[in-house]
Amino acid sequence: MHSGASEVKSERMSPPSSLPSLKLRLTSTLSRKQEPFTPLSPEGVRMYHCGPTVMEPVNIDKFRSYLLGDVLRRYLEYQGLLVRQVMNITDVGHLNEFEEDAVEITASRSGLYAWELVEQEEKAFHQDRRALNILDAHVYPRAREHVPEMIEFIEKLLEAGAAYRVGGHVYFDMGKARSLGRLSGKAREELESLKEKALAASRAGSSAPEKRHPLDFDLWRPDALHQIHWSSPWGRGFPGWHVECVVMSRKYLGTTFDIHSGSEENIFPHHECEIAQAEAAGGEPLARLWLHSRHVLLAGKPISRPNRNLLTVRGLVETGEIRGPEIRGALLSARFREPLEFRPEAVDEAREAIALLRGFRDHHRTGPPGAPPTDALRDRIARAEREFTEAMDDDLDVPRALGAVRRISKDLASVAPCREAAAAVDRFDRVLGLL
Ligand SMILES: [Zn+2]
């Protein structure tokens, strides 16, 4: 795992002439349509994914969204592109929808200080992530290591007239956000009523009547009893969650970068707020393409705290009955733009597919070294490659791509071993990550 900004400069990527032509189309949350994807720079693709708040075991709904980032990154690399991937770690000052610090509240329940909890849960997150065979991002910036940059950014927003100070708070003024509602496809009034409902459901004292507009959010929150806090031009306090991703994505990827992704629950308010801040700070869009995975459902209900059906990777692996790659396979059993019902049958199907692919690869690995494939075998591999890329180009249709790999594994299960067939399955698995 890397960290720090220095490596941004050292990563000079391939020259323009080597940029492969892509047929990849992805569903943009902004346009709600499939769009052809072309990198903004010939030097490679820059992508940011909203990472976990490290305060509890991460649930499989969040992991489905991390898989969207992982599979997309793997497929871009399969297509010969260089990718720089950044995922934040939210480790302090995460204001929940009730404007309380969710990290600190959770830590206090376990008798821990906030920093003890986040250190423990960050390690556990990476364990879960590796169990699901999710590749290391190039940078995992931690929010608490970027507070000076956040303070600088908030000052910029104040200078631009996009933020205002009230009683130690610095609020972002959403009343002036031109693009509000574009990402979520909702009218300003609808977003206001969503926010008001959330505030009304909160406990006493969490609303902030001094705000000019119901959608205004804390860029900086004054500290009263907070465990970790920083000094700032506005007194001691801590930054709000929405400022974190905009600052860290711009720091490690520049503006405008290629892809910002997350789960559908990030669309509003989090990503709407990120877009508004970036616009106010310089006019450049933060990212060109916004991608979101839909929810994971259990018995038809989205996995979420209010539904009390949180299912975690850790919890599943600890049963001893299901392994990480099987969870990965089950979470890849529907297209990202569709909701996914997490069913035991999907886990069984993933287990069976993994066994099939592994058996096929192991059989063909015993082929004589250097022996060329027959023409028929070469044609069959080429057909599988065509079917695989056509499926992936179609908005990352992983179930269809896996179908192509399963078909060739069945068709060629009993032909004489040939190492090129094994190599083909290895190439497919660089994207699927199941073996
Ligand atoms: Zn984020």
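The values are calculated or read from the model by the stated rules, or taken from the named source; none is laboratory data. Keep in mind it's a predicted model, so treat the numbers as computed, not measured. No Cβ is skipped: glycine too gets one built from the backbone with ideal geometry, and neighbour counts run over all protein chains shown.
Things worth noting here:
- In region 32-120, counting only strands (runs of 3 or more DSSP E) that sit wholly within it, the ones holding 3 or more residues that are within 16 Å of the ligand (Cβ to nearest atom) and at pLDDT 95 or above span 45-49, 83-87.
- Among (1) over 30 Å from residue 42 (Cα atoms); (2) of a type in the set (D, E, K, R); (3) not in a strand (DSSP E or B) - the single one residue 218 does not satisfy: (3)
- Condition met for residue 230 (in the same structural domain as residue 178 (by TED's automatic domain parsing), farther than 26 Å from residue 38 by Cα and surrounded by fewer than 21 Cβ atoms within 10 Å (Cβ to Cβ)): yes
- Residue among 98, 125 that alone is within 23 Å of the chain's Cα centre (by Cα), surrounded by 15 or more Cβ atoms within 10 Å (Cβ to Cβ) and among the aromatic types (Phe, Trp, Tyr): 125
- Here residue 238 meets the list (1) within 12 Å of the ligand (Cβ to nearest atom); (2) over 25 Å from residue 193 (Cα atoms); (3) aromatic (Phe, Trp, Tyr) almost entirely, failing just condition (1).
- Residues in region 352-366 include at least one that is part of a loop (DSSP other than H, G, I, E, B) and either without any contact (Cβ under 8 Å) to a residue 60 or more places away in the chain or not assigned by TED's automatic domain parsing to the domain that holds residue 67 (or both).
- Hits in region 251-272 - residues which are in contact with a Gly (Cβ under 9 Å, 6 or more places away or on another chain), under 23 Å from residue 158 (Cβ atoms) and within 13 Å of the ligand (Cβ to nearest atom): 270, 271, 272
- Residue ID - nearest to the chain's Cα centre (by Cα), chosen from residues in region 260-274 that are in a helix (DSSP H, G or I) and under 14 Å from residue 247 (Cβ atoms): 270
- Residue match in region 283-301 (condition: in contact with a strand residue (DSSP E or B) (Cβ under 6 Å, 6 or more places away or on another chain) and modelled with pLDDT under 95): no
- Test result for residue 221, of a type in the set (Lys, Arg), buried (at least 21 other Cβ atoms within 10 Å of the Cβ), under 29 Å from residue 167 (Cα atoms) and more than 13 Å from the ligand (Cβ to nearest atom): yes
- Complete set of residues in region 271-302 that are out of contact with any Phe, Trp or Tyr (no Cβ under 9 Å at 6 or more places or on another chain) and more than 21 Å from residue 191 (Cβ to Cβ): 282, 283, 284, 299, 300, 301
- Meets criteria (among the aliphatic types (A, V, I, L, M) and modelled with pLDDT of 95 or more) for residue 415: no
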